[in-house]
């Protein structure tokens, strides 16, 4: 059985149509259709239910998807297994937006210099989505906000940095933080985001109830809106905040209870341990075993 055909089937299931899967796979729709038909002949079952432009997996297809995904994943790891020093192959790293711009550039350069045969694949996303992708085996590692729950034993964790909570307002703002929070529109770091809970905790502890203008889980966008005078906000002092909040008044909120922790999460038994160790060392501390 061709793992390439399984990969095309997975693409159809994930995309919802043969046409979209063809664009993802850089193939024609006819080629994707032929691969699906070959799989159906070999397995002796119908894999897709077609309705107009959409293609939905049959119950039989849903049942075999987990193993198909594992087979495709294992096939992609084979070339790296033949590398005795373990410094080649794919390394799929998820990262929240502030890590992408403020933390990853240098470590990525160090990784590719020490392991020129490696091919890092960077996947952006929210902490919650990246954690779920890591658990599903779709990522080798993820740079995220520390989850608000106990980690399973299958996941290893290393603390990369602590980011204190800061209040940001336009440069002309002169009164106290509490006064500005009560008087100005509040651009809220989404409290449903893992990092947003620290700002929510500070407001609750301080008995402050600002007028929320909008919720955002995009810190760069929040800082740009504040610098344009749209409102005020409470955000973590992430690496590279100066690029977006350079024209803002930035006031640190005292107390360690409001610090956002950025961590590197990985499987306790990673497929590319040597590559992962190089990346972890470059990000700061060595990866704990």
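The values are calculated or read from the model by the stated rules, or taken from the named source; none is laboratory data. What you see is a predicted model; the values in this text were computed from it and never measured. When we count neighbours, we look across all protein chains shown, and the Cβ atoms used for this are built from the backbone with ideal geometry, even at glycine.
I'd like the full set of residues that are outside any helix (DSSP H, G or I) and over 16 Å from residue 51 (Cα atoms), limited to the range 1-36. Give the derivation first.
Step one: filter the range 1-36 for residues outside any helix (DSSP H, G or I), giving 1-2, 16-17, 26-28.
Across the range 1-36, the qualifying residues are 1, 2, 26, 27, 28.
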Inset, instruction - State which residue is farthest from residue 128 (Cα to Cα) when the search covers only the range 187-215 and only residues that are touching a residue at least 40 places away in the same chain (Cβ under 8 Å) and part of a loop (DSSP other than H, G, I, E, B). - result: 195
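Is it fair to say residue 174 is at pLDDT below 95 and not assigned by TED's automatic domain parsing to the domain that holds residue 105?
Numbers: at pLDDT below 95: yes; not assigned by TED's automatic domain parsing to the domain that holds residue 105: yes.
Here the answer is yes, as residue 174 does meet what is asked.
So which of 257, 200 is modelled with pLDDT of 95 or more and under 27 Å from residue 157 (Cβ atoms)? Give the steps one after another, and end with the answer.
Details: 257 fails: modelled with pLDDT of 95 or more.
Of 257, 200, the one residue that is modelled with pLDDT of 95 or more and under 27 Å from residue 157 (Cβ atoms) is 200.
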Inset, instruction - Name every residue in the range 56-88 that is modelled with pLDDT of 90 or more and not in a helix (DSSP H, G or I), in order of residue number. - result: 56, 57, 58
Legend entry - Counted residues, the range 25-36 - those being loosely packed, with under 14 Cβ neighbours inside 10 Å and closer than 18 Å to residue 72 by Cα: 1
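Mind listing whichever residues of the range 89-103 are within 17 Å of residue 272 (Cβ to Cβ) and either in a helix (DSSP H, G or I) or in contact with a strand residue (DSSP E or B) (Cβ under 6 Å, 6 or more places away or on another chain) (or both)?
Our first condition is that a residue be within 17 Å of residue 272 (Cβ to Cβ); within the range 89-103, this holds for 89-95.
Matches in the range 89-103: 90, 91, 92, 93, 94, 95.
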Inset, instruction - Go through (1) out of contact with any strand residue (DSSP E or B) (no Cβ under 7 Å at 6 or more places or on another chain); (2) assigned to a helix (DSSP H, G or I); (3) modelled with pLDDT of 85 or more and name the single condition residue 46 misses. - result: (2)
Inset, instruction - Select, from 71, 27, the only residue that is touching a residue at least 60 places away in the same chain (Cβ under 8 Å) and either touching a strand residue (DSSP E or B) at 6+ places or on another chain (Cβ under 7 Å) or farther than 30 Å from residue 218 by Cβ (or both). - result: 71
